[in-house]
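Let me begin by presenting the structure, written as structure tokens, before commenting on it.
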Amino acid sequence: MSIPDLFMLGAFVLGGAAALLVVTARNVVHAALYLVIALVAVAASFLWMGAEFLAWAQVLVYVGAVVVLILFGLMLTRAPIGPMAQHNENRKFAVAVSGGLFVLLVTVIVATFGDATVDVTPVRVADLGEVLYVQWAFPFMVLGFLLTVSLIGALVLARREEGEGPLPDDTDEGSDQGLEDAAQEPGPSDVTSAPGAGDAGQQIGAP
Amino acid sequence: MFSEWAWLIPALPALSVLIIVFSGRALPWKGAEVGIVALLASLGLSLGVAWEVFSHNAGVTQGIGPAGDADAAPAGAEAFLLERGLTLTPLGGDLAVELGMRVDGLAAMMFVLVTAVSLMVHIYSTGYMHGDARYTYFFALLSLFSFSMLLLVIASDLLVLLVGWELVGICSYLLIGFWWEDKHNQDASIKAFLTTKLGDVGLVVGIMALAGMFGTFSIQGVLDGVAAGDHSQALLTFALLALILGAVGKSAQFPLHTWLPDAMAGPTPVSALIHAATMVTAGVFIVARLFPAYQAAPVAQGTLAIIGAITLVMAGLLALVQTDLKRVLAYSTVSQLGYMMAALSFSYVAGVFHLFTHGFFKALLFLGAGSVIHAAHSNHMTEMGGLRRVMPVTFWTFLAGSLALIAIPPLAGFWSKDEILVAALEAGGYTGTVVLVLGALGGLITAFYMTRALYLVFAGEFRGHGHPHESEPAMTAPLIALAIPAVAIGWINLPFPALQPLSLSSWVMFDVDYWVANPVELNAVIAVIATVLALAGVLAARAIYREAPERDPLLHLGLLTHVLQRRYYLDDLYTDLIARTAVRDKLAPAAVWFSDRVLDGAVYWSGRGTYELGQGLYATGDQRGIDGAVNGLGLSALWSGARMRLAQSGNVQLYAGALFIGVFVLAVVFASGA
Amino acid sequence: MQAVFPLTFAALLFSAGVYGVLSRRNAVLVLMSVELMLAAVTVNLVAFHGLVASEAGDPLLSGQVFALFVMGIGAAEVGVGLAIVLLLYRNRATVNVDDADLMKY
């Protein structure tokens, strides 16, 4: 095993650990930061596997945009700052499913690809670009279209209507106004807000 | 020629019934004239038929010669027999019913007897029943009875004979109970009807057995079948014994004789017609009709002898202790019928001849008794006496009849009774001897009780109330008319061989061979002994009753009298033990119980059971079962839905988890498949 | 280089992502877990590209191109997903997935 391979293994280990931490962290912001580490480790593995362009695209898109987006989302949804239990009653179930899945995957991988090797010769960006714009032109256009549509869609979804009041828990019982807002919105929601309001109140100060 | 029209003989009285019923009351003689005219016409026609039959048969027998030379018979000569009729097959197929007439010597003889006596009774009744409230009804019944009896006689088919038989039974019932206001008369008529009906069971069984054996109801068919010979002897004997039961009932033989004395409750003309000369002879008649069949079944024939012998002695003894004049005559009739039955066991001619003669003189005796009773206003001989002086016509005719009955030669009864004794003697054997001895003894007894009656009624001083006088001419004329045959009719069958072809035996001949083989003979010994016994009886009675008729020693013989007066306790047996205790108190309630509880119960419970079954089925099958199944389907849908909705926990992550599990499974499948 | 390593790495990331999706309470954290899964898929794709390239060569470079597309779609999905989470928060004042149980029976 050569030095690059060792580095790769290290990246894998780091990435794996970071991923595990993402899903088990108590502090949501910490989870987001662990996510950064994991994604960077993924980018490193791309580098090693000969996908240089992808590696940098990964860093750009995911670490640069997606994680930021997530952090903004955490902020806008008043995610509780500070450690608190982030897991619900599905924990055992989740462990079972994910554990089983992992075991299955590993077994299959080892059984099938135990002897296989990966060619790590880097792919030239020029080649990738040419293939992308010539052979994969149509899907690429569609991808662009998709991104545009999703952008517009997100805008439309998140838009606040005229006359909507401030965010529901600017006041402590903002639930009534939130209800009125909800009633006026053409959204797919039906009513009882009391549990929601109570929970929101609880979330802020609860352990 | 006459015999072609023989069917008119019963038809005329039938027509007269209809006329009397619909318009009798309006007629000047209130219907009596219709009956008399009809009977007169029938009698005339009967005499014509009789003449025709006689001349034919006499021609045949004269050809044979006196008693013997069978080869001298003209070839192919047959006894007179005319049969006409309609054959009906109401059930289709094999069983045919013949509505027809069978005219032979026996039928011709019966025609004469029935129409003559009936005519005399009609004339007599215009006097006897004068002023009765139901006068027209009486004459209608007399005509109906005459029709029925003549139908019975003329029938060529056993079923038609049965019809006539039952019809005479009904007429007897109606006529005995004519004065039904008195319950005693009602009881008597019911007793007569039921007792004869018991015998009729045997008659019907016998007829059915014969029809079954020979496949036909017609008399000729039965006789042909018997002659053909391939039948079961046992079955034939059984059938004939069953017929004898019917005859026993109708002809009042032992043990079904108890109804006849009680039947005297009816008007005396009725007793004279029905219970002396005609209806009671129906039993004898049917045996005579089927005589060849009885010849083929010796057991049945022997039974006739035994029954006849027992009856004639038993009834004779009973007549000794009667104080009611009509009862004396009634028991005498029973006894004489016993003679006839016994006679038919040995000889056709003997029985038939005695039937013929007895009919006349017994009718005469009854009508005379009626005259006496009418005068003395009482049936009981204890209230009569000395009527010889005030009722001479009645006395002399009654005397003639009595002498005929006692069988004093040369009166009618002598010849016929003697004939019987001779036939018994010639037959020999066990039955022959019994009949001979008892018959002779019976003659003694008959003589005694008739002489006793004569003395009690006509001799001495009048012991009753009122002033008796001779009866009106309407009543005495028939007495005189009947006295002639009572005296003389015996002379038509004198037992002298030379006269045989011209005698009654030839007249009633049914088969030439039989006639040749059974000539009527005179046995001087028997004749003398019988006459001696009869005279002995007369003299004994004369000795006892001449001086003081009212002091009747026969009524003081202690136990013997008692038994006789209680009629051997037979009536008690029948009425109390059988009818009341066994049937009324035990059998009838048991039958009612069976009908109510068992039969009705079965019906009820089958219905109830079905109802309960339905209820049960409804409750369990329908309510629980079917509804349960249907409801259960719905409930199971609800239940499963309630269980299944628990999966909709609203927990999104659980949904996602399920998704992943699905992926997992698919992955496994693909992995293992690949 | 053995193919096992990157593939195992991808499997680990994926399983971790599954665990996170199923057990995290905060909707945004769930989105993060989804991102993890997408990343795992991307790694997988690139590894297989290398595998294929070592065996037969792929002039279309399908593996890497596919990975690129996945990244693009992942980004779009995150954008829309967060928009929905914001909307949910606006209506319910909570992003706790346990509270989004109106579909409960």
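The values are calculated or read from the model by the stated rules, or taken from the named source; none is laboratory data. This one's a predicted model, so the numbers in the text were calculated from it and none came from an experiment. Note: ideal-geometry Cβ built from the backbone for every residue, glycine included; neighbour counts use all protein chains shown.
Within segment A:133-141, does at least one residue satisfy the condition of being at the interface with chain C (Cβ under 9 Å from one of its Cβ atoms) and aliphatic (A, V, I, L, M)? Can you show your working first?
From segment A:133-141, those at the interface with chain C (Cβ under 9 Å from one of its Cβ atoms) are A:135-136, A:139-140; that's our starting set.
If we keep only those that are aliphatic (A, V, I, L, M) too, we end up with none.
Looking for residues that are at the interface with chain C (Cβ under 9 Å from one of its Cβ atoms) and aliphatic (A, V, I, L, M), one finds none in segment A:133-141, hence no.
Condition first: farther than 10 Å from residue B:325 by Cβ, of a type in the set (A, V, I, L, M) and not in a loop (DSSP other than H, G, I, E, B). Now tell me which residues in segment B:369-400 satisfy that.
B:375, B:387, B:390, B:393, B:399, B:400
Please go through (1) at pLDDT below 75; (2) surrounded by fewer than 14 Cβ atoms within 10 Å (Cβ to Cβ) for residue B:65 and return the number of the only condition it doesn't satisfy.
Going through the list (1) at pLDDT below 75; (2) surrounded by fewer than 14 Cβ atoms within 10 Å (Cβ to Cβ), residue B:65 breaks only (2).
Go through (1) out of contact with any Ser or Thr (no Cβ under 9 Å at 6 or more places or on another chain); (2) of a type in the set (Phe, Trp, Tyr); (3) in contact (Cβ under 8 Å) with a residue 40 or more places away in the chain for residue B:214 and report which single condition fails.
Status for residue B:214: all satisfied but (3).
Got a number for residues in segment C:84-95 being in contact with a helix residue (DSSP H, G or I) (Cβ under 6 Å, 6 or more places away or on another chain) and away from chain B (no Cβ under 14 Å)?
4
How about segment A:45-63: which of its residues are at the interface with chain C (Cβ under 9 Å from one of its Cβ atoms), touching a residue at least 60 places away in the same chain (Cβ under 8 Å) and assigned to a helix (DSSP H, G or I)?
Selection gives A:48, A:53.
So which residues in segment B:404-432 are assigned to a helix (DSSP H, G or I) and not hydrophobic (A, V, I, L, M, F, W, C), if there are any at all?
Within segment B:404-432, B:413, B:416, B:417, B:418, B:419, B:426, B:429, B:430, B:431, B:432 meet the criteria.
Residues checked against (1) at pLDDT 90 or above; (2) closer than 16 Å to residue B:341 by Cβ; (3) of a type in the set (Phe, Trp, Tyr):
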position: B:398; (1), (2), (3): yes, no, yes
position: B:409; (1), (2), (3): no, no, no
position: B:412; (1), (2), (3): no, no, no
position: B:416; (1), (2), (3): no, yes, no
position: B:427; (1), (2), (3): no, yes, no
position: B:433; (1), (2), (3): no, no, no
position: B:447; (1), (2), (3): yes, no, no
position: B:452; (1), (2), (3): no, no, no
position: B:455; (1), (2), (3): no, no, yes
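Please enumerate the residues belonging to segment A:100-126 that are in a helix (DSSP H, G or I) and facing chain C (nearest Cβ under 7 Å).
Selection gives A:101, A:102, A:105, A:106, A:109, A:110, A:113.
Every residue, every condition in (1) crowded, with 24+ Cβ neighbours inside 10 Å; (2) under 18 Å from residue B:504 (Cβ atoms); (3) over 22 Å from the mean Cα position of the chain (by Cα); (4) modelled with pLDDT under 90, yes or no:
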residue	(1), (2), (3), (4)
B:304	yes, no, no, yes
B:308	yes, no, no, no
B:317	no, no, yes, yes
B:332	yes, no, no, no
B:340	yes, yes, no, no
B:349	yes, yes, no, yes
B:355	yes, yes, no, no
B:367	yes, no, yes, no
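Exactly one condition in (1) small (Gly, Ala, Ser); (2) assigned to a loop (DSSP other than H, G, I, E, B); (3) within 14 Å of chain B (Cβ to nearest Cβ) is not met by residue C:17; state its number.
(2)
Taking the criterion of being surrounded by fewer than 24 Cβ atoms within 10 Å (Cβ to Cβ) and within 14 Å of residue B:652 (Cβ to Cβ), would at least one residue in segment C:88-95 satisfy it?
Scanning segment C:88-95 turns up at least one residue that is surrounded by fewer than 24 Cβ atoms within 10 Å (Cβ to Cβ) and within 14 Å of residue B:652 (Cβ to Cβ).
For segment B:162-184, which residues satisfy the criterion of being among the hydrophobic types (A, V, I, L, M, F, W, C) and either over 25 Å from residue B:36 (Cα atoms) or part of a loop (DSSP other than H, G, I, E, B) (or both)?
If the condition is that a residue be among the hydrophobic types (A, V, I, L, M, F, W, C) and either over 25 Å from residue B:36 (Cα atoms) or part of a loop (DSSP other than H, G, I, E, B) (or both), then B:162, B:178, B:179, B:180 are the ones that fit.
Take residue A:67 and tell me if it is facing chain C (nearest Cβ under 7 Å), touching a helix residue (DSSP H, G or I) at 6+ places or on another chain (Cβ under 9 Å), more than 22 Å from residue B:665 (Cβ to Cβ) and at pLDDT 90 or above.
no
Residues that are surrounded by 17 or more Cβ atoms within 10 Å (Cβ to Cβ), small (Gly, Ala, Ser) and over 30 Å from residue B:391 (Cα atoms): does segment B:428-436 have at least one?
Yes, there is a match, as at least one residue in segment B:428-436 is surrounded by 17 or more Cβ atoms within 10 Å (Cβ to Cβ), small (Gly, Ala, Ser) and over 30 Å from residue B:391 (Cα atoms).
Output yes when any residue across segment C:24-32 is facing chain A (nearest Cβ under 7 Å) and more than 15 Å from residue C:85 (Cα to Cα), and no when none is.
Scanning segment C:24-32 turns up no residue that is facing chain A (nearest Cβ under 7 Å) and more than 15 Å from residue C:85 (Cα to Cα).
Determine the pairs where a residue that is within 15 Å of residue C:19 (Cα to Cα) and more than 7 Å from chain C (Cβ to nearest Cβ), located within segment A:1-28, has a partner that is surrounded by 14 or more Cβ atoms within 10 Å (Cβ to Cβ) and among the polar types (S, T, N, Q) with Cβ atoms under 7 Å apart, the partner being 6 or more residues away or on another chain.
Going by the 7 Å Cβ cut-off, the qualifying pairs are A:26/A:86.
Residue by residue through segment A:61-83, note down the ones that are exposed (fewer than 15 other Cβ atoms within 10 Å of the Cβ) and either of a type in the set (Asp, Glu) or more than 20 Å from residue C:37 (Cβ to Cβ) (or both).
Matches in segment A:61-83: A:72, A:75, A:81, A:82, A:83.
Looking at segment C:96-105, can you tell me whether even one residue there is in contact with an Asp or Glu (Cβ under 8 Å, 6 or more places away or on another chain) and away from chain B (no Cβ under 14 Å)?
Among the residues of segment C:96-105, not one is in contact with an Asp or Glu (Cβ under 8 Å, 6 or more places away or on another chain) and away from chain B (no Cβ under 14 Å), which makes the answer no.
Only residues in segment C:54-68 that are farther than 12 Å from residue A:136 by Cβ and more than 9 Å from every other protein chain (Cβ to nearest Cβ) count as the first member; pair them with residues that are of a type in the set (A, V, I, L, M, F, W, C) and in a helix (DSSP H, G or I), Cβ under 9 angstrom, at least 6 apart or cross-chain, and list the lot.
From segment C:54-68, the pairs are C:58/C:52.
Scan segment C:39-53 residue by residue and report those that are more than 7 Å from chain A (Cβ to nearest Cβ), surrounded by fewer than 24 Cβ atoms within 10 Å (Cβ to Cβ) and either under 17 Å from the mean Cα position of the chain (by Cα) or within 17 Å of residue A:52 (Cα to Cα) (or both).
C:41, C:44, C:45, C:48
Take the conditions touching a residue at least 12 places away in the same chain (Cβ under 8 Å) and either at negative phi or within 8 Å of chain C (Cβ to nearest Cβ) (or both) and apply them to residue A:39. Does it pass?
Details: touching a residue at least 12 places away in the same chain (Cβ under 8 Å): yes; either at negative phi or within 8 Å of chain C (Cβ to nearest Cβ) (or both): yes.
Against the criterion (touching a residue at least 12 places away in the same chain (Cβ under 8 Å) and either at negative phi or within 8 Å of chain C (Cβ to nearest Cβ) (or both)), residue A:39 qualifies.
Can you name every one of the helices (runs of 4 or more DSSP H) wholly within segment B:558-674 that holds 1 or more residues which are under 60 Å from the mean Cα position of the chain (by Cα)?
B:559-565, B:588-593, B:601-616
Without any contact (Cβ under 8 Å) to a residue 24 or more places away in the chain, part of a loop (DSSP other than H, G, I, E, B) and within 7 Å of another protein chain (Cβ to nearest Cβ) - does that describe any residue in segment C:75-83?
no
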